[in-house]
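Chemist: Quick one: the structure is below, questions incoming.
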Amino acid sequence: MLIKLFEEGLIDYQKLLFKYHQNFNLTADEYLIMEHLLLLAERKRYNLSTNYLARLSGYKMNQVGEIINSLFEKELITIELERKSEGKLGEIFSLMPFFDKITTLIMEEINKQKEEKTISDQEYIIKELERAFAKPLSPTAFEIVRQWFSEGFSKNEIYAALELTLEHKKTTVNYLDR
């Protein structure tokens, strides 16, 4: 999905590369070549020419070749042979592995944020229950609260159920759970 946004020009690839380059342990040379590959891909030019990249980057052709191999070994790019119209074979590159890895990193960040929010919501509800019931929760009650969140109940829904429980002059988690 991320590559589709990139291909449509909706993603600033320089910011994306800058934000995530440390996750890939890119050297300065690899970073520069990766930036040039992203620029070429943005222009829909997928022919892999070490000569052209050497002119763009100021490196020697053999240095560019080594850097390309390193990016390939780090599984940030793929390289394939393609038969040209005149019958010659040429190398083309794909940035799909790069975008797949970034997508994975973004999903991990989102899941971590969700987990942190759930934990903070659980802590909030536990404190509210202890305050409302004027006693600490038992281990069984803690498990019931965790279960509510794993079943998809929101903090607001649980809090509304707590208010209803208190209106009925009940002070147990089991009543609230029902």
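The values are calculated or read from the model by the stated rules, or taken from the named source; none is laboratory data. Keep in mind the model is a prediction, meaning the values are calculated, not measured. Here the Cβ positions follow ideal geometry from the backbone for every residue, glycine too, while neighbour counts run over all protein chains shown. The area values use the complete protein model at the heavy-atom level, side chains included, leaving out ligands, DNA and RNA. Shrake-Rupley method; radii C 1.70, N 1.55, O 1.52, S 1.80 Å.
Chemist: Tell me the label-point distance for the pair Ser57, Ala28, using the 7 Å Cα-to-Cβ offset, in nm and rounded to one decimal.
Modeler: Spacing of the two 7 Å Cα→Cβ label points: 1.4 nm.
Chemist: Provide the gained length on full extension for the span Glu73 to Tyr46, in nm with one decimal, where the gain is 0.36 nm per separating residue minus the Cα-Cα distance. Write down the numbers at each step before the final one.
Modeler: Numbers: separation 27, 0.36 × 27 = 9.72 nm, distance 1.86 nm.
7.9 nm is the gain from fully extending Glu73 to Tyr46.
Chemist: Relative contact order (percent) for the chain, with alpha-carbon contacts under 8 angstrom and 6 or more residues of separation?
Modeler: On the way: 130 pairs, mean separation 26.2, N = 178.
In percent, rounded to a whole number, it is 15.
Chemist: While we're here: Among Leu26, Gln147, Tyr13, whose Cα projects farthest towards the positive end of the dipole of the chain, with charges put on the beta-carbon of Lys, Arg (+1) and Asp, Glu (-1)?
Modeler: Tyr13
Chemist: Any chance you could check the Cα centroid distance between segment 65-111 and segment 1-32 for me, in angstrom?
Modeler: 12 Å
Chemist: Something else about it: Would you mind finding the longest exposed-site-free stretch of the chain, with exposed GluC sites (Glu not before Pro) meaning DSSP loop and at most 10 other Cβ atoms within 10 Å? Walk me through the numbers on the way to the answer.
Modeler: Details: sites that count: Glu8, Glu86, Glu151.
Within the chain, the longest run free of exposed GluC sites (Glu not before Pro) spans 9-85.
Chemist: Which value, in Å², gives the accessible area per residue of the chain when a 1.4 Å probe is used on the protein heavy atoms? Provide the component values of the computation, followed by the final result.
Modeler: Details: 11610 Å² over 178 residues.
Ligands and nucleic acids excluded, the result is 65 Å² per residue.
Chemist: Two-decimal Rg/Rh of segment 44-115 from alpha-carbon positions, Kirkwood Rh?
Modeler: Values: Rg = 16.1 Å, Rh = 14.1 Å.
Answer for segment 44-115: 1.14.
Chemist: Need one number: the % of Cα-Cα pairs in segment 47-178 sitting beyond the 23 Å mark. Walk me through the intermediate numbers first.
Modeler: Details: 5029 of 8646 pairs.
For segment 47-178, the fraction of Cα-Cα distances above 23 Å is 58 percent.
Chemist: Same structure again: Counting Lys and Arg as +1 and Asp and Glu as -1, what is the net charge of the other residues whose Cβ lies under 15 Å from the Cβ of Tyr59? Write down the numbers at each step before the final one.
Modeler: Details: positive: Arg55, Lys60; negative: Asp29, Glu30, Glu35, Glu66.
That works out to -2.
Chemist: Cross-chain or 8 or more residues apart, Cα under 14 Å: how many lysine pairs in segment 31-178 fit that? Count them up, please. Intermediate values should be presented prior to the final figure.
Modeler: On the way: Lys74/Lys101; Lys114/Lys155; Lys117/Lys155; Lys127/Lys135; Lys127/Lys155; Lys135/Lys170.
Pairs that pass both the separation and distance tests number 6.
Chemist: About its Cα centre, how strong a charge dipole does the chain have in debye, to the nearest 20, once Lys and Arg get +1 and Asp and Glu get -1 at the Cβ?
Modeler: Working: 24 positive and 29 negative charges, 38 e Å.
Once rounded to the nearest 20, the dipole reads 180 debye.
Chemist: Could you order Ser85, Ser49, Ser57 so the one with the most accessible surface comes first? Probe is 1.4 Å. Please report the intermediate quantities before stating the final value.
Modeler: Values: Ser85 125, Ser49 45, Ser57 25 Å².
Of Ser85, Ser49, Ser57, the descending order of accessible area is Ser85, Ser49, Ser57.
Chemist: Using only the Cα atoms of segment 1-92, what semi-axes does the equivalent ellipsoid have when each is the square root of 5 times a gyration tensor eigenvalue? Give whole Å, largest first. Before the final figure, lay out the partial values.
Modeler: Details: eigenvalues 91, 63, 28 Å².
Semi-axis lengths for segment 1-92 are 21, 18, 12 Å.
Chemist: In segment 1-135, what percent of the accessible surface is made up of carbon and sulfur (1.4 Å probe, ligands and nucleic acids excluded)? Show your work: numbers first, answer last.
Modeler: Working: 4440 of 8600 Å².
Ligands and nucleic acids excluded, carbon and sulfur give 52 percent.
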